[in-house]
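Derivation of every value follows stated rules applied to the coordinates shown; laboratory data play no part. Predicted model, so just to flag it, every value in this text is computed and none were measured. A quick note on method: Cβ atoms are made from the backbone with ideal geometry, for glycine too, and the neighbour counts reach across all protein chains shown.
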Amino acid sequence: MSSTETCPLYIDGSWSVPSSHPTSPVHNPSRGSVIAGVPMCGAAEVDAAVASAKKAFPMWRDTPPNDRAQVFFRLKILLEEAFHDLCLGIATEHGKTLAEARGDLRRGIEVVEFACGIPTLLMGESLENIARGIDCHTDRHPLGVVAGICPFNFPALVPMWMWPVALACGNCFILKPSEKVPLTMQRVIGLLEKAGLPPGVMNIVHGGRECVDALLEHPDVAAISFVGSTPIAREIHRKGTLNGKRVQAAGGAKNFVILMPDADVDRTVEAVKDGAFGCAGERCMAGSTAVAVGEAGERLLPALADLVSSMKVGPTDRADSQPDMGAVISREHRDRVAHLIDAGEAAGAKVLTDGRKTRVDDAPDGFYLGPTLIDQVTPDNPLMDTEVFGPVLAVLRADTLEQAIAEANKQAFGNGAAIFTNSGKAAREFRRNVSAGMVGINVAVPAPLAYFPFTGWNDSFFGDLHIQGKEGVEFYTQRKTTTTRWFGFGDGEVWAK
Ligand code: NAD
C-alpha cells in the first residue's frame with residue numbers, strides 16, 4: 001500500500017475501497033505524518049460482510065477440524081517469514097519500539113499455534129450406558145457469524161486473541177480493527193488468504209461507532225468480542241446482550257504495583273520501569289500506579305528515577321536505530337496525558353522525572369511525551385480518577401501491605417496487579433486479597449500466554465467467558481448433548497432389565 005492510500009475492506013474474498021465514505025487518518029506517530037486513510041463505513045458494508053460470512057459458514061463448519069487446523073499451520077509459517085516486515089509495520093503505525101512490536105506479534109503467533117491444536121480442544125465428553133442400551137455424548141459446535149472490535153494499542157495481538165480461535169472452532173468472522181492502526185491486520189489477513197482460508201470465512205470492515213452499532217444490531221451476528229476502554233466496553237456488552245448476542249467485552253485498567261521494603265532493588269526497578277513505560281504506557285496491563293510500603297520508597301525510588309531519566313525517547317520506524325520508548329498514539333492523547341500530569345502536580349504530587357519537557361530533535365512533529373515518574377500522589381489526586389494510558393508512573397505511599405491492598409481495591413478496574421517482595425507470606429496475602437483478575441509476583445506485567453484466559457475482573461471485563469485459552473474456545477462454541485438409545489438387537493448383559 002502506498003503512503004496515503006485508503007485501507008480496503010475485505011469481503012467475500014475480495015479487497016475493495018468503498019467510494020462514498022469519509023476517511024479517518026492513520027498516522028505514523030513517530031513523525032506525526034499521515035500514512036493512510038480508513039473509510040468510516042456503516043450498515044451497508046456490515047450487511048455485505050455478514051452476508052458473505054453467513055454464506056461461507058455451512059462450508060467452513062463442515063470442514064473437518066484437522067483441515068481447518070492446516071490453514072493455521074500454513075499461516076504460522078507465513079507469519080514467521082514476514083515477521084520482520086510486519087513488526088516494522090506495527091512500529092510505524094503504532095509508535096511502539098521494534099522490540100515491543102516483536103512482542104506484540106509473537107504473542108499473536110502463539111494464539112495461531114494454539115489454534116493449530118483445535119481438534120484436541122474441540123473434543124467432547126461421553127458416557128456409555130447412562131441407562132441400559134443408552135449412551136450420551138456432548139460435543140462443540142460453532143456459533144455462526146461472530147465479530148471482533150479492537151483497540152489501537154496492540155495492532156497484532158488483540159485481533160489475534162479473537163479470530164484464530166473463532167475460525168478454528170468453525171465460525172466465520174467480521175473484524176473491525178482500530179481505525180488508528182488498521183494496516184497490520186490488513187497485512188496479516190492477506191497472509192491468511194494466502195494460507196488457503198476460503199472466501200467469506202474472514203471479513204474486514206472499517207469504521208467507528210456507526211459500523212460497530214451495525215454489528216451489534218445485525219440479527220445474523222451471533223457473538224461479539226470487544227477490547228477497548230471501559231465506557232465503550234460496558235455499552236457494547238449492554239447493547240449486544242440486549243440484542244441477544246453472546247458478548248465478551250474487555251475494558252480499561254489501572255494496575256497497581258505494590259513495592260515491599262524487602263524487594264530486590266535492581267531487579268524490581270528494572271521490571272517496574274518496563275511495566276510502566278513499555279509501549280509508552282499504552283498497555284492494559286501497564287503497572288501505572290505503584291504503592292511503596294514503608295521504607296520501600298526510600299530504597300527503590302532513587303534507583304527508579306535514575307533509570308527512568310536515562311531512557312531514550314524517539315522514532316521507532318527505522319530498524320537500524322531504536323529508542324527505549326516511542327511516541328504515543330496521537331497528538332490529542334499526548335496533550336490529554338500532559339494535562340493529567342499538570343493536574344496531578346497542581347494537586348500536590350511531586351514530579352521526579354518530567355516527560356512533558358521531552359523534545360525529539362530528529363522528529364519534531366512526532367507525538368512524544370517522555371517517561372514521567374510522579375511521587376507523593378495521594379488517593380484524592382486527579383491522577384487517581386482515571387486510566388491515564390500513557391508513560392506515567394504515579395507513586396503512592398502506604399505504611400502497611402493491608403493499606404496498599406485496600407488502596408488498590410478502591411479502584412473500579414480489576415485487570416492486573418503485582419507485588420515485588422521476597423516474602424512468601426506477603427505475596428500470598430496479596431494474591432488472595434487483591435481484587436484483580438491477573439496477578440504478578442515479582443512480575444510487573446502478568447499478561448497470560450495464549451493457552452490461558454485473559455481474566456480481567458470488575459470494570460475491566462463485562463461478560464462471562466474471557467478471551468483466549470480454553471475460555472476462548474468455550475466462548476466461540478455451543479455444546480450439543482446427544483442421547484442415543486440402541487434398540488435391542490443384542491442379547492448381552494447390557495440389554496437385560
Ligand atoms: P476505544 O474504546 O476508544 O476504542 C476501541 C474500539 O471501539 C475501536 O475499534 C473504536 O473504533 C470503537 N469505538 C470507539 N468509540 C465507540 C463507540 N462510541 N461505540 C462503538 N464503538 C466505539 O479504545 P482505544 O483507545 O482504541 O484503546 C485503548 C483502551 O483499550 C484502553 O482503555 C485499554 O485499557 C483498553 N484495552 C483493554 C484490554 C484488556 O484486555 N482489558 C486490552 C487492550 C486495550
Q: Quick one: work out the % antiparallel among DSSP beta bridges in segment 256-441, nearest 5.
A: 10
Q) With the Cα gyration tensor of segment 15-133 giving a ≥ b ≥ c as the square roots of its eigenvalues, does the rule (a/c under 1.5 for rounded; else a/b larger than b/c for prolate; else oblate) give rounded, prolate or oblate? A) oblate
Q | Length added when fully stretched, Glu402-Ser14, from 0.36 nm per residue minus Cα-Cα | A | 133.9 nm
(Q) Quick check on my link table: of Lys410/Lys470; Lys55/Lys176; Lys96/Lys273; Lys96/Lys312, which ones sit more than 22 Å apart, alpha carbon to alpha carbon? (A) Lys410/Lys470
(Q) Give me the percent relative contact order of segment 389-497, please, defined on Cα pairs under 8 angstrom at least 6 residues apart. (A) 20
Q. What does a probe at Ser309 reach in segment 363-387, counting residues whose amide N is under 14 Å from the point 7 Å along Cα→Cβ?
A. 371-375
Q: At a Cα cut-off below 14 Å, give the aspartates and glutamates reachable from Lys76, other chains included and same-chain residues fewer than 8 away excluded.
A: Glu110, Glu113, Glu193
Q) Quick one: Kirkwood hydrodynamic radius for segment 393-497, alpha-carbon pairs, angstrom, one decimal? A) 17.4
Q: Using the Cα centre as the reference, give the magnitude of the dipole from point charges on the C-beta atoms of segment 1-88 (Lys, Arg: +1; Asp, Glu: -1; all else neutral), rounded to the nearest 20 debye.
A: 160
Q: Calculate how large, on average over all directions, the projected area of the Cα convex hull of segment 376-453 is; give the answer in nm² to one decimal.
A: 6.1
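What does the highest-first list of 477-483, 271-277, 335-341, 248-254 look like by mean Cβ count within 10 Å?
248-254, 271-277, 335-341, 477-483
Once the Cβ-Cβ distance between Asp47 and Glu295 is put in as r, and R0 is 56 Å, what FRET efficiency do you end up with, to the nearest 0.05?
With a Förster radius of 56 Å, E is 0.35.
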Q: Rounded to whole Hz and in sequence order, give me ³J(HN,Hα) for segment 237-251 from the Karplus expression 6.51 cos²θ - 1.76 cosθ + 1.60, θ = phi - 60°, writing x for Gly and Pro.
A: 5, 5, 5, x, 6, 4, 8, x, 9, 7, 9, 10, 9, 8, x
(Q) Around Asn442, under 9 Å between beta carbons, what's the net of Lys plus Arg minus Asp minus Glu among the other residues? (A) 0
Q.
Restricting the calculation to Cα positions, tell me the Rg (one decimal) and the Dmax (whole number) of the chain in Å.
A. 24.4, 89
(Q) Over the Cα atoms, compute the radius of gyration (one decimal) and Dmax (the largest Cα-Cα distance, rounded to a whole number) for segment 256-441, in Å. (A) 16.0, 50
Q: Take every Cα pair under 8 Å in the chain that's 6+ residues apart, average their separations, divide by the length, and report that relative contact order as a whole percent.
A: 19
Q.
Restricting to Cα atoms and excluding each atom paired with itself, what does the Kirkwood estimate give for segment 71-207 in Å?
A. 16.0
Q. In segment 125-237, what percentage of the DSSP-assigned beta bridges are antiparallel, given to the nearest 5?
A. 25
Q: Run down the aspartates and glutamates and flag those whose C-alpha is under 13 Å from the C-alpha of Lys254, throwing out any fewer than 8 positions away in its chain.
A: Glu282, Asp385, Glu387, Glu407, Asp459
Q: Give, as a single signed number, the net charge of other residues whose beta carbon lies under 14 Å from the beta carbon of Pro315, with Lys and Arg counted +1 and Asp and Glu -1.
A: -3
Q: Only helical DSSP H runs with n ≥ 4 go in: add -39500 (n - 2.57) per run for the chain, normalise by residue count and round the 222 nm mean residue ellipticity to 500 deg cm²/dmol.
A: -11500 deg cm²/dmol
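Can you tell me the order of 121-132, 152-163 when each peptide is scored by its average per-residue count of other Cβ atoms within 10 angstrom, highest first?
For the peptides 121-132, 152-163, the packing ranking is 152-163, 121-132.
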Q.
I'd like the Karplus ³J(HN,Hα) series for segment 318-335: coefficients 6.51, -1.76, 1.60, θ = phi - 60°, whole numbers in Hz, and an x wherever there's a Gly or Pro.
A. 10, 5, 7, 8, 10, x, 7, 8, x, 7, 8, 5, 8, 4, 5, 5, 4, 5
**Q.** Residues Ile134, Ile258, sorted so that the one with the fewest Cβ neighbours within 10 Å comes first
**A.** Ile134, Ile258
Q) Which number do you get for Rg(Cα) / (2.2 N^0.38 Å) in segment 204-277? A) 1.68
Q.
Please compute the length gained on full extension between Arg234 and Arg267, using 0.36 nm multiplied by the number of residues separating them and subtracting their Cα-Cα distance.
A. 8.2 nm
Q.
With both bridge residues required to lie in the chain, what share of the DSSP beta bridges run antiparallel, to the nearest 5%?
A. 40
